[in-house]
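Right, one structure below, let's go through it.
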Amino acid sequence: MEAEEHFNERAELYESLIRKIIPHHDVFFGTVLGFVSGGKIDVLELGSGTGLVTEMVLGSNPDEQITCIDMSPEMIEVALSKPSLREVSMLEGDFSEVWPEGPFDVVMTTLCMHHLPDDDRMEMLARIHDILSPSGVFINGDVFRPDDLWQEEIFRGRWRTAMLSNGLPDAEADGMIAKRENGWEFIDTMGQYGKKLEEAGFEKVLIPPIYDFHGVFVGFKPEFDT
């Protein structure tokens, strides 16, 4: 599978940039973090980038063992330069090809799955389900499509305003919107993505609301103890 690499050439600037392009980024990432259980658990992070979320998870619970996969050597280099991530296992490659044995208690990913073509996304969700422990949890913070184009137009306008308010220059904000438009056909609606999770075997799916087309999906295996 192929995933468009937005920031490969700007790895060192990624974290400041991502905070500008995600409205209410503290809520977005905080919601992802809030569903990662504590204790000595094994976590697999897909598309870990510079380790932005990895650091958040370890900062909340340093006992967790995290394995990261990312296809960008530039991103991994930045991640490994952080003292807090020196003990994290970093695997380089496309996660459709580089895959650890598992099982894992948590699989998490942010702003990654929407890049995959539809068939690859479905296949990956099934693989994620299979690599989780019987009580495992899958957490995915990402972007989605609304059901109607008129909603998409409103959300894009609100997104542009939010990016500008966060300090992103006009040209870069317009560039982000253009990238969304170019990849729009690959993006699921929340209903479509929820159905994919159910088809992959997740019996319970939770969708904590975030902001417009940014959302977090949490898929639970049958033995998860609520």
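Any read-out appearing in this document is the output of simple, stated calculations on the displayed coordinates, not a laboratory observation. Remember, it's a predicted structure, so these values are computed and weren't measured experimentally. Glycine also receives a Cβ, built like all others from the backbone with ideal geometry; neighbour counts cover every protein chain displayed.
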### Message
Using the Cα centre of the chain as origin and beta-carbon charges of +1 (Lys, Arg) and -1 (Asp, Glu), tell me which of 48, 60, 193 is placed farthest towards the positive end of the dipole.
### Response
60
### Task
Mind pulling the per residue volume of the convex hull built on the Cα atoms of segment 8-220? Å³ is fine.
114 Å³
### Summary
Using alpha carbon centers only, segment 58-95 is separated from segment 125-177 by a whole-angstrom value of 23 Å
### Query
Among 111, 39, 99, which residue has its Cα positioned farthest towards the positive end of the charge dipole of the chain, with +1 placed on the Cβ of Lys and Arg, -1 on the Cβ of Asp and Glu, and the dipole taken about the Cα centre?
39
### Task
Treat every Asp and Glu Cβ in segment 8-220 as -1 and every Lys and Arg Cβ as +1, leave all other atoms uncharged, and give the resulting dipole magnitude about the Cα centre to the nearest 20 debye.
640 debye
